[in-house]
């Protein structure tokens, strides 16, 4: 195994923030730490966003530390704008991301180190910063009869843009921001659209300032502190009531139906006798944290999540999680990157002091 001080898994917003702050503390890429990313190109999850999500439609994209994103054309796809920005960022700060690299497992290596098993070999590391986000784990709910549906089913992770649904009857499942964005786009070209959510959507009026942001983060943070899986952002903030949403509501596009009870070969049905025939079911049902590779370390709590204090996993001080729970937003990822880098540096100092103390003890 190749020995390094730190392995950063993931090169999205959170992973690059960590790498930037590690380098500022004096650690050198590819000598003291490595950044591994399974995606083929720079851009994190942004590189996989649908073409119709232009940069002008992106809400709350915060710049990476040390380098602003300026002069971007709002009409260009966000995947191109942000992918190019991340690429320039990596080159500007010499972060030398290894890609595409798949991390398959993290386990004990002995001598206090962790063994990170990857498609390019294994690393023995003193600390691991996990910044894998959620894009690789789309959540597909299961309903009776799902396998009998004769139309198309797809998840928002594979959303190709609205033109693919021209002239079709489309059912969108999910009350988050992606679901409403997809629905409003598809309604322009589809023969008919339907919107189904488990809970009544909450539309947020008025400004969403710093105080409201802190309150939302505190709710997510409390779940993570209790060892529960993080909730989605919309579950604690609600949907922003902007002009586009108001217009869609006025046109009936956002007339919500309660969750159906089963799926039929031609659509969906409710136990009260109602049914809807559709050609496509689009599951805008969110994502789960991509942390299966950490399973050998047994970090999960009985509630199903990893309990985190700040960014440090409570069950193992060598492991930090960024872009997880309260740090899942772009601004939260930046702050978490700085906090994780500081925590890792403190750990490395303690480890070296212990090694010096052991070396100072006379043999025998």
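Distance between the C-alpha centres of the stretch 1-18 and the stretch 268-330: 21 Å, rounded to the whole angstrom. Entry note, the chain: relative contact order of 22 percent, from Cα contacts under 8 Å with a spacing of 6+ residues. For 194, 33, the sequence from fewest to most other C-beta atoms within 10 Å is 194, 33.
Here the chain carries DSSP beta bridges of which approximately 40% are antiparallel, counting only pairs with both residues inside. Considering only alpha-carbon pairs that sit under 8 angstrom and 6 or more positions apart, the relative contact order computed for the stretch 260-310 is 17 percent. For the listed peptides 13-24, 334-345, a ranking on the average number of other beta carbons within 10 Å per residue, highest first, reads 13-24, 334-345.
Each Cα pair under 8 Å and six or more residues apart adds its separation to the average, and for the stretch 245-338 the resulting relative contact order is 10 percent.
Residues 55, 159 in ascending order of nearby Cβ atoms (within 10 Å, fewest first): 55, 159. Let a ≥ b ≥ c be the square roots of the eigenvalues of the Cα gyration tensor of the chain; is it rounded (a/c under 1.5), or, if not, prolate (a/b larger than b/c) or oblate? It is prolate, given that a/c is not under 1.5 and a/b is the larger ratio.
Every number here is computed from the coordinates shown, using simple stated rules; none is lab data. Just so we're clear, the structure is a prediction, and the values are computed from it rather than from any experiment. Ideal geometry is used to build each Cβ from the backbone, glycine not excepted, and the neighbour counts take in all protein chains shown.
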